[in-house]
1. Between residue 214 and residue 20, what is the FRET efficiency for a Förster distance of 41 Å, r being their Cβ-Cβ separation, to the nearest 0.05?
2. Which angle from 0 to 90°, rounded to the nearest 10, does the C-alpha axis of helix 150-163 make with the longest principal axis of the chain?
3. Going by Cα centres, region 171-198 and region 1-33 are how many Å apart?
4. Per DSSP H run of n ≥ 4, the term is -39500 (n - 2.57); total these for the chain, divide by its residue number, and report the mean residue ellipticity at 222 nm rounded to 500 deg cm²/dmol.
5. Could you give the distance between the Cα centres of region 66-88 and region 143-168, to the whole Å?
6. On a 0 to 90° scale, report how tilted helix 120-134 is relative to the longest principal axis of the chain, with both axes built from alpha carbons and the result rounded to the nearest 10.
7. Counting alpha carbon pairs within less than 8 Å and at least 6 residues apart, what relative contact order, in whole percent, applies to the chain?
8. Hey, fewest Cβ within 10 Å first, where do 173, 60 land in order?
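Computed from the coordinates by the stated procedures, all read-outs in this text should not be read as laboratory data. The structure presented is a predicted model; accordingly, all values stated were derived computationally and were not measured. No Cβ is skipped: glycine too gets one built from the backbone with ideal geometry, and neighbour counts run over all protein chains shown.
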């Protein structure tokens, strides 16, 4: 069953950010919301997650679905260790898998550290691991790779990509290469009022430099429309 967004509008601080947005999203797959910084992508993700209520319109297809979120901010619980932050969202029968998850993200030696004892990149990894541990039907990824070094980003990208194969995963980014490598379909948004400009399917051969550059150039041209 697809997710239907019908005539959504939302204002923030008395300024209209999203106006009369209607869009259909698949129930599974890897998609991306692509656009410049500050146009309303994170606000739309908050609406999809249920953390924010639209002023008008409705969303169907998310009823009874479990949603996992990687926020732009890490939002770790400061009184819990790295391990405890991840375990906090896991059911009892799966908490034994937490150490494996820490190992996969390269954080097995920091399980007993509190958030203020970790670097920004380390906190980011724990925030991502916590979202994956929640095992949602829908995974919302709001600029998930911010603060990660090149090696960590590639490692985490592969983990998220594999995890996303069996559910709907939505990536928010203004980085064209991230959008193209991750997604089956890219939704390009622009101003005014978070307008959907274009929907672009992404095919195979994305590791081909020429094809990658063609996709990137098309994305950036569309942002200027």
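1. 0.80
2. That works out to roughly 80 degrees.
3. Result: 13 Å between the Cα centres.
4. Computed mean residue ellipticity for the chain: -9500 deg cm²/dmol.
5. Region 66-88 and region 143-168 have Cα centres spaced 16 Å from each other.
6. 80 degrees
7. 27 percent
8. In increasing order of surrounding Cβ atoms, one gets 60, 173.
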